[in-house]
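Notes follow once the structure below has been shown.
The values are calculated or read from the model by the stated rules, or taken from the named source; none is laboratory data. What you are looking at is a predicted structure, and each value in this text was computed from that prediction instead of being measured. Here Cβ is always computed from backbone atoms with ideal geometry, including for glycine, and neighbour counts include all displayed protein chains. Heads up: the accessible areas ignore ligands, DNA and RNA and are worked out on the full protein's heavy atoms, side chains in. Shrake-Rupley method; radii C 1.70, N 1.55, O 1.52, S 1.80 Å.
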Amino acid sequence: MLKIDNLQAEIDGNEILKGLELEVGKGEIHAIMGPNGSGKSTLSNVLMGHPRYEVTGGSVTFLGEDVMEMEADERARLGMFLAFQYPSEVPGVSVANFLRTAVNAVREEELSIMEMYRLLQDKMKIMQMDPKFAERYLNEGFSGGEKKRNEILQMLMLEPKLSIMDETDSGLDIDALQVVSKGVNELRGPEFSAVIITHYQRILRYIEPDRVHVMLDGRIVTSGGKELALELEDKGYDWVRQEFGSAA
Amino acid sequence: MQQKDVPEVLRSKGISVEVVEALSQFKGEPAWLTERRLHAWATFEKLPMPTLRDEAWRYTDISDVRIEDFLPYAPSPDVASEGDLPEAVQKLISEGEENSALLVQHNSETSYSRVDEELAKKGVVFTDLHSALVEHEDIIKEKLFGLVPEGYDKFAALSAAAFSGGSFLYVPRGVDVEVPIQSYRWLDVVGSIMPRTLVVVEDGASVTYIDEYASADAEDPAFSNGAVELYVGEGANLRYVSLQNWERNVLHFNTIRSRTEKDATINSLVVSLGAQLSRTNVEAGLTASGSDSEMLGMYFADSNQVLDHHTLQDHISPNAHSDLLYKGALRDESLTVFSGLIRVEPGAQKTDAYQTNRNIILGTDDAFAVSLPNLEIMADDVKCSHGSTTGQVDETELFYLMSRGIPRREAERLVVFGFFGEVTSRVPLKRLKEKLDRAIEGKIGLGFEERAA
Ligand SMILES: Nc1ncnc2c1ncn2[C@@H]1O[C@H](COP(=O)(O)OP(=O)(O)OP(=O)(O)O)[C@@H](O)[C@H]1O
Ligand SMILES: [Mg+2]
């Protein structure tokens with residue numbers, strides 16, 4: 001489904017991704033953990049096609065298609081989704097208006113106003129969001145946790161084939177974490193893959209990963225099963241640096 | 001207006017003392033008004049034409065504006081019903097807000113006006129200034145030129161001397177006019193249009209008044225010079241909308257000034273979309289405690305348009321509130337100027353005043369937005385703030401929208417509509433909003449040029 005080969009990318013002339021390898025199969029959930037600044041958000045943004053990053057080497061294919069030349073909207077229509085670590089605020093654009101535009105852009109057939117309304121009501125209920133949020137401006141004045149819920153709401157509305165979740169669990173209270181996990185598990189199935197970027201093993205208790213990867217200095221340095229997350233939490237990143245730092 | 005013979009002097013280019021005299025006579029005005037006009041003409045002649053060296057005109061070059069090149073007056077036929085108005089005007093009306101009173105100024109004359117019977121019964125007057133002089137001379141004598149006097153600036157002097165057409169709206173004490181009142185200024189000759197608007201809302205009354213400027217496409221330059229005086233009585237409410245949508249041959253000058261009595265509220269919205277050059281002064285005088293002025297503005301400049309707004313929140317009395325939000329978009333090689341001042345006079349304690357100007361530049365390095373927010377505070381117990389931002393459409397915002405499958409062009413549209421939405425959402429006029437949306441849509445057109453990386 002997603003195949004990243006020797007990916008190198010820089011921002012403003014600073015090399016951040018230094019030959020990253022990752023493969024995510026259909027229906028799989030992968031977790032990526034790694035210290036601050038190791039390049040996790042950079043990876044997310046590069047995968048989604050953020051224009052500020054320059055890809056200097058390697059390749060990314062999604063569903064067999066080379067996505068590196070595609071604009072972000074094309075990638076999204078292909079089935080990729082990124083839940084942002086820091087979602088943008090878009091003043092004056094209501095959540096409902098934005099979602100209507102996005103859903104209609106991604107779907108082949110436009111939904112009627114009624115269908116759209118029901119879909120949104122439905123998904124907001126799952127995310128335990130007050131229907132009033134639909135009329136609020138996108139992320140404007142949202143609390144940290146509300147923004148994260150809103151990201152997952154968007155994911156549920158768009159039903160991507162691959163969702164990259166960049167620290168969606170950070171800043172969530174315990175209840176919200178469960179709600180967000182429920183949202184993700186809602187989509188879980190043979191047609192849905194996810195890459196969960198996190199600092200905590202907590203979310204992985206709700207959404208069990210098939211694989212866990214450790215990222216260090218722009219590379220995946222080691223991978224394992226879900227027990228690797230526990231081990232990391234136990235031993236910290238110093239352990240990873242000592243074990244794998246030389247490879248970096 | 002009867003189709004009397006227009007005096008020869010009004011049919012040739014340029015304005016002179018003879019023109020002013022002939023105009024006043026032609027309209028059969030009382031002697032005091034003729035005198036005021038002549039006095040204003042003398043002031044006009046005394047005042048130099050503003051140049052880039054004048055602080056208030058530092059960025060707006062009007063050295064090409066030659067008032068002597070314009071016909072001072074252009075008549076238009078009276079029409080008996082809306083159906084006889086020019087088709088373009090009928091279209092404006094049908095796309096406009098539902099109205100309870102309507103006035104159409106066609107070139108220099110009012111060609112049609114109507115007030116719903118029910119309103120007329122309540123004593124609401126809405127007519128052109130010249131007709132109003134017949135029945136309401138006293139109040140006009142008292143208020144006309146009171147807020148935009150001849151000494152305000154060169155263009156105000158010209159307005160006082162040579163105005164023609166214009167409208168007078170009077171809402172008696174306690175009358176609540178629910179359905180908006182609308183006037184259209186329609187220009188389809190090469191010449192000038194100089195309406196004066198006088199609005200008097202008596203104590204406890206409320207009304208919405210929309211003033212729209214539009215014209216037929218033409219090559220040669222035309223000149224528009226307006227003055228708007230808004231008096232809002234104790235506890236009264238006035239919502240005033242000025243929508244400037246001239247064709248590109250027009251040079252537009254307008255001064256809008258208001259005075260609010262105790263606990264009165266004025267909400268103004270000034271929209272500038274058209275004209276080659278457009279200069280609007282918007283000044284709110286907060287003259288009594290508890291008065292409140294919301295000042296909204298939006299402008300969208302394209303090609304080489306120059307759209308200039310000067311605003312003043314003049315806090316004369318203590319305990320008044322004003323809140324200004326002007327937002328502008330620029331594309332191509334356009335220039336916009338926003339210069340705003342909050343002035344808190346000595347003794348105007350407990351003033352609450354805010355001022356924000358925001359500009360977005362759409363995919364060009366050649367457009368320029370001047371933003372000059374200013375405070376002049378001469379009292380010590382006040383809450384005032386001002387802010388200003390100007391920048392390109394945020395690439396990260398666009399990326400966020402695009403990452404949800406929305407194509408770039410659509411994402412840009414959303415951002416621009418969102419940007420103006422902060423203004424339009426504060427105006428409870430549905431058809432007007434739709435009209436503004438269509439105008440924005442038209443301005444965005446086929447998308448912006450590739451933005452500079
Ligand atoms: N414009 C920039 N110029 C230079 N360096 C940058 C720029 N933007 C990001 N970086 C650097 O890139 C590195 C990777 O950042 P990134 O946000 O991808 O890390 P991360 O793994 O997501 O961290 P965190 O866990 O804190 O979210 C950081 O060292 C950051 O400082
Ligand atoms: Mg990050």
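How high is the FRET efficiency between residue A:186 and residue A:56 when r is their beta carbon distance and R₀ equals 41 Å, given to the nearest 0.05? The partial results should precede the final answer.
Details: r = 37 Å, r/R0 = 0.91.
That gives a FRET efficiency of 0.65.
Between the alpha-carbon centres of region A:78-116 and region B:278-322 there is a gap of 36 Å.
Using a 1.4 Å probe and counting only protein heavy atoms, arrange A:161, A:132 so the residue with the most accessible area comes first. Walk me through the numbers before you get to the answer.
Numbers: A:161 85, A:132 145 Å².
Putting A:161, A:132 in descending order of accessible area: A:132, A:161.
Taking amide H positions as modeled 1.01 Å from N, with prolines and chain starts lacking one, the residues under 5 Å from residue A:20 and 5 or more places away or on another chain are A:6, A:7, A:8.
In whole percent, how big is the carbon plus sulfur part of the accessible area of region B:59-142, probe 1.4 Å, protein atoms only?
Numbers: 1820 of 4060 Å².
Whole-percent figure for carbon plus sulfur exposure: 45.
Share of carbon and sulfur in the accessible area of chain A stands at 44%, probe radius 1.4 Å.
Where only protein heavy atoms count, and the probe is 1.4 Å, what is the accessible area per residue for chain A in Å²?
Values: 10970 Å² over 248 residues.
Accessible area per residue: 44 Å².
For region A:95-112, a decrease in accessible area of 30 Å² or greater in the assembled protein chains relative to the isolated chain, with a 1.4 Å probe, applies to A:98, A:101.
For region B:77-393, what does the alpha-carbon gyration tensor say about shape, rounded, prolate or oblate, given a ≥ b ≥ c as the root eigenvalues, a/c under 1.5 as rounded, and a/b over b/c as prolate? Don't skip to the end; give the middle numbers.
Values: a/c = 1.82, a/b = 1.09, b/c = 1.67.
It comes out oblate by the Cα gyration axes.
Over the protein assembly as shown, what portion of Cα pair distances is larger than 37 Å, expressed as a whole percent? Cα-Cα pairs in the protein assembly as shown separated by more than 37 Å: 49 percent. Here the accessible area of region B:183-303 is 38 percent carbon and sulfur, with a 1.4 angstrom probe and all protein chains present.
Counting heavy atoms of the protein chains alone, residue A:213 has an accessible area of about 10 Å² for a 1.4 Å probe. Peptide A:68-77 is shielded by partner chain Cβ atoms: per residue, an average of 5 of them sit within 10 Å of its Cβ. A cut-off of 5 Å between modelled amide H atoms, ignoring neighbours fewer than 5 places along the same chain, links residue B:295 with B:268, B:323, B:324, B:325. Each Cα pair under 8 Å and six or more residues apart adds its sequence gap; the mean of these over the residue count of region B:179-239 is a relative contact order of 48 percent. Legend: residue pairs A:18/A:226; A:147/B:383; A:40/A:226; A:18/A:161, Cα-Cα distance threshold 28 Å; pairs beyond threshold, A:147/B:383.
Residues whose amide H lies under 5 Å from that of residue B:111, counting only those 5 or more places away or on a different chain, are B:104, B:105, B:106; hydrogens are built 1.01 Å from N in the peptide plane.
Candidate cross-link partners of residue A:235 among the aspartates and glutamates, defined by an alpha-carbon separation under 19 Å and a same-chain spacing of 8 or more, comprise A:217, A:227, A:243.
Pairing chains B and A buries close to 2100 square angstrom of accessible surface in total, based on protein heavy atoms and a 1.4 angstrom probe. Here region A:188-204 and region B:361-434 have alpha carbon centers that stand 37 Å from each other.
Based on DSSP H segments of at least four residues, each scored -39500 (n - 2.57), the protein assembly as shown has a per-residue ellipticity at 222 nm of -8500 deg cm²/dmol.
Would you kindly work out the equivalent ellipsoid of chain A from its C-alpha gyration tensor and give its semi-axes, the square roots of five times the eigenvalues, largest first in whole Å? Let's see the in-between values first.
Numbers: eigenvalues 178, 85, 54 Å².
Computed over chain A, the values are 30, 21, 16 Å.
Kindly report the accessible area of region B:77-393 per residue (heavy atoms of protein chains, probe 1.4 Å, no ligands, DNA or RNA), in Å². Spell out each step's value before the answer.
Working: 9980 Å² over 317 residues.
Accessible area per residue: 31 Å².
Taken over the alpha carbons of region B:179-249 as equal point scatterers, the Debye sum produces base-10 log I(q)/I(0) values at 0.20, 0.23, 0.25 Å⁻¹ of -0.81, -0.96, -1.07. Look at the stretch A:48-55: the mean tally of other chain Cβ atoms within 10 Å of its residues' Cβ atoms is 3.
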